[in-house]
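The values are calculated or read from the model by the stated rules, or taken from the named source; none is laboratory data. Just so it is clear, the model here is predicted, and its values are computed rather than measured. So basically every Cβ, Gly included, is an ideal-geometry build from the backbone, and we count neighbours across all protein chains shown. Please note that ligands, DNA and RNA were not included when accessible areas were found on the heavy atoms of the full protein model with its side chains. Shrake-Rupley method; radii C 1.70, N 1.55, O 1.52, S 1.80 Å.
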Amino acid sequence: MALRSRPLTPSHSFLRRNVHKYTTAIHVSPHPHCLFPHPPVLLRFRRPVSFPPHIPRSSLTPATAPLLQDAGATAAVLAGAYSLVLTFDTLNHRNLIQQSLSRKLVHILSGLLFAACWPIFSTSTQARYFASVVPLVNCLRLIVHGFSLVTDEGLIKSVTREGNPQELLRGPLYYVLILIFCALAFWRESPTGVISLAMMCGGDGVADIIGRRFGSMKLPYNQHKSWAGSISMFICGFLISIGMLYYYSALGYFQLDWTWAFQRVALVALVATVVESLPITEIVDDNITVPLGKVVEKVSAHLTRRQEL
């Protein structure tokens, strides 16, 4: 039978190219101790060729690292939020802390810790949406328990005034909705969201605690608010806002003119305090009026600066 030469297929051509590519030529003299040069001997060492070519692990890292970081950060913040509520529920159950104080401490710490955890998320565009999952889960939880579809006495005692499940659909629900709004609208790109949460969580929360204990002198236009509560809201809201701005500035998110920042934050704290002291609590909740007043003041400040320029 006559032997016929077979044409090279694409796979054979690929093999020949890679074999030559991974072949190293080394010139070795047959008599290394000889004084006269001799023609070199060509030795070839062939490196193993992998089929298909190996894909380095580093090429997959840039696409998956932000996703894994955001997922891990979301899980960690969710666990922290649940642990915070469980801790104060346990303290209240053991009569180590009053229900009203427990509710306000949860009000203060949950929002501030949520804003303080934003830097652990990645710099990708989807990071703010991952962060918003945390208050969204709490929002769904409040809706489920507010309609009494599921009963959780610990949650009701921790975040309500009178122990009525329907209270979860008012102040606490507005609270988590503001957290979602600030995360999606402002994120780490604007100080507005950070200051709004500082005033809503820190300023308003401290005002209620101080007002209940030392609020004997009431405001002339609102007998449900006191001078002690309003003054404490202005001072604590100002200090907490400056602290949050310094925290984000130290991490490199904000570059602020601190003289201008002190003046603006003081004005914001004053506006938020006046809005919180108005007798409109029965109409609009404080968790809405305080951040809303902050946003309106911020927008008007930007418009004023633009006109001056």
Self-check item: Simple label model, 7 Å out from Cα along Cβ direction - residue 76 to residue 140, nm
Solution: 2.3
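Which of the trypsin sites (Lys or Arg not before Pro) across the range 185-290 are loop residues per DSSP, with 15 or fewer other Cβ within 10 Å? Please report the intermediate quantities before stating the final value.
On the way: sites: 188, 212, 213, 218, 225, 264; in loops: 188.
Sites meeting the loop and neighbour criteria: none at all.
On full extension of the chain, what length is gained from residue 239 through residue 222, given 0.36 nm per residue of separation minus the C-alpha to C-alpha distance? Could you put the intermediate results ahead of the total?
Working: separation 17, 0.36 × 17 = 6.12 nm, distance 2.52 nm.
Length difference between fully extended and current span is 3.6 nm.
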Quiz item: Using θ = phi - 60° and the Karplus curve 6.51 cos²θ - 1.76 cosθ + 1.60, what whole-Hz ³J(HN,Hα) does each residue of the range 249-258 get, with Gly and Pro shown as x?
Solution: 5, 5, 7, x, 7, 10, 10, 10, 8, 5
Quiz item: So what are the radius of gyration and Dmax for the Cα set of the range 156-289, in Å?
Solution: 15.6, 46
Quiz prompt | Cβ-Cβ FRET estimate between residue 65 and residue 258, R0 fixed at 45 Å, reported to 0.05 | solution = 0.85
Quiz item: How much accessible surface does residue 178 have with a 1.4 Å probe, in Å² rounded to 10?
Solution: 30
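Loop only per DSSP, at most 10 neighbouring Cβ atoms within 10 Å: give me the GluC sites (Glu not before Pro) in the range 139-211, ordered by residue number. Provide the component values of the computation, followed by the final result.
Values: sites: 153, 162, 167, 189; in loops: 162, 189.
Those satisfying the criteria are 162.
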Practice problem: With 5 Å bins from zero, work out the P(r) of the range 160-225 over every alpha carbon pair and list the percent per bin. | Solution: 3, 15, 16, 18, 19, 15, 9, 4, 0
Quiz item: Between residue 93 and residue 184, 0.36 nm times their residue separation minus their Cα-Cα distance comes to what?
Solution: 29.2 nm
Quiz item: Where in the range 86-113 does the label zone of residue 120 land, with the point 7 angstrom along Cα→C-beta and an amide N cut-off under 17 Å?
Solution: 86-87, 109-113
